[in-house]
Amino acid sequence: YLAVEADRAHPRAVLATLLWPDYGDSDAMRNLRQSLYRLRLALDGCSPDLFGQTIEVTRQSVTLHSAAVDVDLRHFEEDLDLAAAHGHVALSGCSSCLGRVERAADRYIGEFLAGFHVEEADPFVEWQTIQRERTHQRALAALQDLSSAYGARGDYARMRDFAARQVTLEPWREEAHQQLMQALALDGRRSEALAQYERCCEILVRELGVEPSAETTELYQSIRS
């Protein structure tokens, strides 16, 4: 939590409530002190005064300095934010931003804190869930943008790859199936594009109990004819 929310002075009471919401104030604060002590022992055991160089602790707050740690989530967000703030007309025409977005997409290898859970800490779980969904959606959007950009560049193999990665993350994502169908059709692989539509239909019915959208069906009919 401190690493992701770095460079902010977090009140001790807030951290105690975040992790031990069902404890009394004194017990929660004692648990926080013990956790910070264990963290100090662990870090200083790796390198003298590593804790002091990384985390600033006062009687009121705890702050982790971002310069002292390397966090993949921060790099992921910085690359996407830089690309979004750049004034290019289209991502396909900006090689530097295309590289940034691709680098960010490559950093996303799974859900935020996958497999990690803190028992009886609902505030932390809520924070974790929000971060997980936000990161997941940004990764999907980046992959969609990359697929469109490479399609505009006429690189249909890479267009297909980035669309396929979206389907891996979210099998029911129709936009990704549409990009896959387009990439295959534009690459002269018409029968595979039509088969992709059938897979899309099967997944949507199985996972969501719905039919494909009119846009997906129209794309299928266009490719077929």
*Rg to Rh for the range 30-74: what is it, with Cα atoms only and Rh by Kirkwood?*
0.98
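Could you tell me which chymotrypsin sites (Phe, Trp or Tyr not before Pro) in the range 72-146 are loop residues by DSSP with no more than 14 other beta carbons within 10 angstrom of their beta carbon? Please list the in-between numbers first.
Details: sites: 76, 108, 112, 116, 124, 127; in loops: 108, 112, 116.
Sites meeting the loop and neighbour criteria: 116.
I'd like the projected area of the range 96-144, averaged over all directions, using the convex hull of its alpha carbons. Report it in nm² with one decimal.
Numbers: hull surface 14.3 nm².
Taking a quarter of the hull surface, the average projection is 3.6 nm².
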*Please give the calculated 222 nm ellipticity per residue for the chain, where each DSSP H segment of at least 4 residues contributes -39500 (n - 2.57) and the sum is spread over every residue; nearest 500 deg cm²/dmol?*
-22000 deg cm²/dmol
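How would the range 75-204 be classified by its alpha-carbon gyration tensor: rounded, prolate or oblate, with rounded meaning a/c under 1.5 and the a/b versus b/c comparison settling the rest?
Oblate, because a/c is 1.5 or more while a/b does not exceed b/c.
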*Hey, any idea what % of the chain's accessible area is carbon plus sulfur with a 1.4 Å probe?*
50
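Hey, can you rank 77-89, 131-143 by average C-beta count inside 10 Å, highest first?
Working: 77-89: 13.9, 131-143: 17.8.
Highest to lowest by the protection proxy: 131-143, 77-89.
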*For the chain, modelled as a Gaussian network with Cα springs under 10 Å, which listed residue fluctuates most, 115, 151, 93?*
115
*Per the chain, cysteines lacking a partner by the 4.7 Å Cβ criterion*: 46, 200, 201
*Separation of alpha-carbon centers, the range 36-82 and the range 109-167, rounded to whole Å*: 25
*If you project the alpha carbons of the chain onto the principal axes, what extent comes out on each, in Å, largest first?*
72, 40, 29
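Averaged over all directions, how much area does the convex hull of the C-alpha atoms of the range 153-225 cover when projected, in nm²?
Details: hull surface 17.7 nm².
Its Cα hull, projected and averaged over all orientations, spans 4.4 nm².
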*For the range 8-111, what are the per-bin percents of Cα-Cα distances with bins 5 Å wide, up to the bin holding the maximum?*
2, 11, 15, 13, 12, 12, 12, 9, 7, 5, 2, 0
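The values are calculated or read from the model by the stated rules, or taken from the named source; none is laboratory data. Source: prediction; values computed, not measured. Cβ sites come from the backbone with ideal geometry, for glycine too, and all protein chains shown count toward neighbours. Surface areas here come from the heavy atoms of the whole protein model, side chains and all, with no ligands, DNA or RNA. Shrake-Rupley method; radii C 1.70, N 1.55, O 1.52, S 1.80 Å.
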